[in-house]
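Asker: I am attaching a structure below and will ask some questions about it afterwards.
The values are calculated or read from the model by the stated rules, or taken from the named source; none is laboratory data. The structure displayed is predicted, hence computed values, not measured ones. Here the Cβ is made from the backbone with ideal geometry for all residues, glycine too, and neighbour counts use every protein chain on show. Protein only, heavy atoms only, side chains kept; ligands, DNA and RNA dropped before computing areas. Shrake-Rupley method; radii C 1.70, N 1.55, O 1.52, S 1.80 Å.
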Amino acid sequence: MSKRLIDLTHISKSFDGQMILDDLNLYIRENEFLTLLGPSGCGKTTTLRIIGGFETPDQGNIIFDGRDITKLPPNQRQLNTVFQKYALFPHMSIAENIAFGLKIRKKSKTYIDDKIKYALNLVNLEGFENRNIDSLSGGQQQRIAIARAIVNEPKVLLLDEPLGALDLKLRQDMQYELIRLKNELGITFVYVTHDQEEALTMSDTIVVMNQGYIQQIGTPQDIYNEPVNAFVADFIGESNILNGLMIKDRLVEILDVKFPCVDEGFGCNTPVDVVIRPEDVELVSPEQGMLEGDVVSLIFKGVHWETEVLANGFEWLVHTTQMHPLGTHVGIQVDPFNIQIMNKPETNDEKAVESHV
Amino acid sequence: MCNLKRQLLAGPYVLWMAGFILLPVIMILYYAFTTTGGDFTFLNVSSITFSVHLKALTLSFKLALICTVICLALSYPLAMILNNMKAKSQGFVVFIFILPMWMNFMLRILAWRMLLSNNGVINSLLDTLGLPGIDILNTPTAVVFCMVYDFLPFMILPIYNSMARIQADIIEAARDLGAGNLTIFFKIIVPLTMSGVISGIIMVFVPALTSFAVSDLLGGGKVLLIGNVIEQAFMQEYNWNLGSGLSFVLMIFVIASMALMNSRGEENGAGVW
Ligand SMILES: Nc1ncnc2c1ncn2[C@@H]1O[C@H](COP(=O)(O)OP(=O)(O)OP(=O)(O)O)[C@@H](O)[C@H]1O
Ligand SMILES: [Mg+2]
């Protein structure tokens, strides 16, 4: 495990008396691709701006490489930001934009020229030196913004929804390009997005946030396969979230039906949240199922059919490769290890979960 | 069909332009290059080299320049302060600045005449405070003072506009890349407000150069600007030919300075470093 590069300890921030971040603790390792993921308004940008130095936290400290930088202005921090709306300097050519940080550091002309070439090459825009900003497409402008940041060889690159304004195809291309860049440059990326797919594709570590609280930190696999609570499960991919009653170890009651499962240690007759991914629900013949229901909605999604089955008063979301026509009477079957059991929110910072599900 | 309709719609404007812009210019050109008898001559135009005319033209240039420089020096910091205020108060302050522009131009000049006169409000106030009075009425100082007062909004508004259009994240990006306040000011804010500064300069310099009302009312006949000379030629000497000749020269100067400013603006837009 590489060492911790940035440590956020007990960070709190409020705007106009409204608490936006409440006692946030987070560390970021060297060379890590860390993504802050959460719904709009949950405080992702605020967290990033605190790391970048554009906001000062009301409480708490930011430790960078062993040094407290809480009060250091942005121009003295060893990190660079790629802004959501690119924020290129409209009165400068592309070369001048890229050279801005280097000129401030009084680098020699040959060094700067080499760096510009190198950076344009890295973002696949060779020969664009003297072009105008206005003559570039959104994707190209974003790549220039990245080039402008990385020529300064920051230890950390902060990216605030850098692909937000691009169309789907371009987003996907840029995602791979960012991963390539990160591996080539060996710098730490702190990435903000509200797109869970983007987060799953690109990150080493995902931090799921809601209403200023961190819900879960983990690898993409952890977050997807073992969400710690209903909010995370709901936010990362689609899921069926149901109220359940843990009868005893390895047995849970959902919609008045007892399901065997693999979870233990929740006690007896404890109310819990149950999460079942749509691809984990099997549609079988009515007599084979644990529940019976009727297909009420059917949408073709390319890879699979998105089927909704009404059973015991709950609309189950099911992804199947087989088509079950509207109105078909079907049985529902779930393997024990595909049932995720999680505690209902109790403590203060878990309240953020309830209000969103 | 559609095209024809559109052309018809433009009709009134074409008429307006022909009647009130093109025709007067043609008439000025005609009078400028003819004698009273209607013969072709350069005398009206070349009479600008008469010492009295040259002196008036130089003084006009000098006062217009001083006025523009003062306006610029006042407006830039003001626009910056304004731009840093809360959005709500910004609108109010801009309104305060525009307010005097709704009052008649002549009335404002006359008001200053009252305020500045020897036993006017300002001097009585200074007197009661035991301070020495100011005696600037009927001097170039009073003329410049009043021109600055009159034309200041025309400088502030375009500069403020161009400043307000600078996105906050551009400034943050510069700071992020290591720029301190001075670098941000000279490499980002100044170049990005240059278009506003240029239009401000043109909007102050041109009317200041051609004005005659201010010098008439506050100069007490002692401050003779080229505008006053032209006015006299038309209104007192009824010499339309001389007046047109001098107007023609002034027009050339105005167009030349505007062209100069515009080309400077384009230069400044690009190579900042
Ligand atoms: N400068 C500010 N003044 C007042 N409120 C602010 C300010 N900046 C952010 N907020 C508030 O803080 C909350 C969190 O904002 P933030 O920008 O961090 O959210 P976000 O997670 O980045 O959301 P999004 O995905 O929409 O960008 C929001 O409710 C926002 O209104
Ligand atoms: Mg944001």
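Asker: Can you tell me which residue within region B:158-178, out of those that are farther than 21 Å from A:P74 by Cβ and open to solvent by 40 Å² or more (accessible area, probe 1.4 Å), is nearest to the other protein chains (Cβ to nearest Cβ)?
Answerer: Among them, the one singled out is B:R165.
Asker: Going through region A:167-197 one residue at a time, which ones are of a type outside the set (D, E, K, R), more than 16 Å from ligand 2 (Cβ to nearest atom) and in a loop (DSSP other than H, G, I, E, B)?
Answerer: Result: A:G186, A:I187.
Asker: What do you reckon, is A:R49 open to solvent by 10 Å² or more (accessible area, probe 1.4 Å), within 16 Å of ligand 2 (Cβ to nearest atom) and within 21 Å of A:V156 (Cβ to Cβ)? Break it down into steps so the answer makes sense when it comes.
Answerer: Working: open to solvent by 10 Å² or more (accessible area, probe 1.4 Å): yes; within 16 Å of ligand 2 (Cβ to nearest atom): yes; within 21 Å of A:V156 (Cβ to Cβ): yes.
So A:R49 fits the description; yes.
Asker: Within region A:247-274, how many residues turn out to be crowded, with 18+ Cβ neighbours inside 10 Å and either at pLDDT 95 or above or under 13 Å from A:V334 (Cα atoms) (or both)?
Answerer: Going through region A:247-274 one residue at a time, the tally reaches 5.
Asker: Could you check region A:198-225 and list, in sequence order, the residues that are in a loop (DSSP other than H, G, I, E, B) and touching a helix residue (DSSP H, G or I) at 6+ places or on another chain (Cβ under 9 Å)?
Answerer: Within region A:198-225, A:S203, A:D204, A:Q211, A:G212 qualify.
Asker: Does B:G200 satisfy the condition of being of a type in the set (G, A, S), at pLDDT below 90 and open to solvent by less than 20 Å² (accessible area, probe 1.4 Å)?
Answerer: Details: of a type in the set (G, A, S): yes; at pLDDT below 90: no; open to solvent by less than 20 Å² (accessible area, probe 1.4 Å): yes.
In short, no.
Asker: Further, regarding this structure: Restricting region A:125-174 to residues that are crowded, with 23+ Cβ neighbours inside 10 Å and within 16 Å of ligand 1 (Cβ to nearest atom), which is farthest from the other protein chains (Cβ to nearest Cβ)?
Answerer: A:L163
Asker: Another question about this same structure. Looking at A:K71, A:K85, which one is in contact (Cβ under 8 Å) with a residue 12 or more places away in the chain, within 29 Å of the chain's Cα centre (by Cα), within 7 Å of chain B (Cβ to nearest Cβ) and surrounded by fewer than 19 Cβ atoms within 10 Å (Cβ to Cβ)? Talk me through it step by step, then tell me what you get.
Answerer: Values: A:K71 fails: within 7 Å of chain B (Cβ to nearest Cβ).
Matching residue, one of A:K71, A:K85: A:K85.
Asker: Go through (1) more than 18 Å from the chain's Cα centre (by Cα); (2) open to solvent by 10 Å² or more (accessible area, probe 1.4 Å) one by one and return the number of the condition A:I179 breaks.
Answerer: (1)
Asker: Let me ask something additional. Test each condition in (1) within 16 Å of ligand 2 (Cβ to nearest atom); (2) open to solvent by 40 Å² or more (accessible area, probe 1.4 Å); (3) within 16 Å of A:L158 (Cα to Cα) for A:S40 and report the one that comes out false.
Answerer: (3)
Asker: Name the residues in region B:115-141 that are farther than 25 Å from B:L78 by Cα, out of contact with any helix residue (DSSP H, G or I) (no Cβ under 7 Å at 6 or more places or on another chain) and not in a loop (DSSP other than H, G, I, E, B), would you?
Answerer: If the condition is that a residue be farther than 25 Å from B:L78 by Cα, out of contact with any helix residue (DSSP H, G or I) (no Cβ under 7 Å at 6 or more places or on another chain) and not in a loop (DSSP other than H, G, I, E, B), then B:N123, B:S124, B:L125, B:L126, B:D127, B:T128 are the ones that fit.
Asker: Among the residues of region A:182-195, how many are closer than 18 Å to A:K44 by Cα and surrounded by fewer than 21 Cβ atoms within 10 Å (Cβ to Cβ)?
Answerer: Kept after step one, since they are closer than 18 Å to A:K44 by Cα, are these residues of region A:182-195: A:188-195.
Those still in the list that are surrounded by fewer than 21 Cβ atoms within 10 Å (Cβ to Cβ) too: A:194-195.
Qualifying residue count for the region: 2.
Asker: Also, quick follow-up: Kindly indicate whether A:I28 is β-branched (V, I, T), away from ligand 2 (no atom under 16 Å from the Cβ) and open to solvent by less than 10 Å² (accessible area, probe 1.4 Å).
Answerer: Values: β-branched (V, I, T): yes; away from ligand 2 (no atom under 16 Å from the Cβ): yes; open to solvent by less than 10 Å² (accessible area, probe 1.4 Å): yes.
Considered against the rule, which asks whether it is β-branched (V, I, T), away from ligand 2 (no atom under 16 Å from the Cβ) and open to solvent by less than 10 Å² (accessible area, probe 1.4 Å), A:I28 comes out as yes.
Asker: Where residues in region A:208-246 are open to solvent by 40 Å² or more (accessible area, probe 1.4 Å) and free of Cβ contacts under 8 Å to residues at least 60 places away in the same chain, which of them is farthest from A:I332 (Cα to Cα)?
Answerer: A:T219
Asker: Looking at (1) surrounded by 18 or more Cβ atoms within 10 Å (Cβ to Cβ); (2) within 16 Å of ligand 1 (Cβ to nearest atom), which one does A:D58 not meet, given that it meets all the others?
Answerer: (1)
Asker: Further, regarding this structure: Could you figure out which of (1) within 20 Å of the chain's Cα centre (by Cα); (2) open to solvent by 10 Å² or more (accessible area, probe 1.4 Å); (3) within 14 Å of chain B (Cβ to nearest Cβ) isn't true of A:R77?
Answerer: (1)
Asker: Right, another one. Of the residues A:L136, A:L120, A:L159, only one is hydrophobic (A, V, I, L, M, F, W, C) and within 16 Å of ligand 2 (Cβ to nearest atom); which? It would help to see each step written out before you state the result.
Answerer: On the way: A:L136 fails: within 16 Å of ligand 2 (Cβ to nearest atom); A:L120 fails: within 16 Å of ligand 2 (Cβ to nearest atom).
Result of the check over A:L136, A:L120, A:L159: A:L159.
Asker: Does B:Q232 fit the bill of being open to solvent by 30 Å² or more (accessible area, probe 1.4 Å) and within 14 Å of chain A (Cβ to nearest Cβ)? It would help to see each step written out before you state the result.
Answerer: Numbers: open to solvent by 30 Å² or more (accessible area, probe 1.4 Å): yes; within 14 Å of chain A (Cβ to nearest Cβ): no.
So B:Q232 fails the test.
Asker: Any chance region B:75-91 includes a residue that's assigned to a loop (DSSP other than H, G, I, E, B) and open to solvent by 50 Å² or more (accessible area, probe 1.4 Å)? It would help to see each step written out before you state the result.
Answerer: To start, the set of residues in region B:75-91 that are assigned to a loop (DSSP other than H, G, I, E, B) comprises B:85-86.
Pick out the ones that are also open to solvent by 50 Å² or more (accessible area, probe 1.4 Å) and you get B:85-86.
Scanning region B:75-91, I find at least one residue that is assigned to a loop (DSSP other than H, G, I, E, B) and open to solvent by 50 Å² or more (accessible area, probe 1.4 Å), so the answer is yes.
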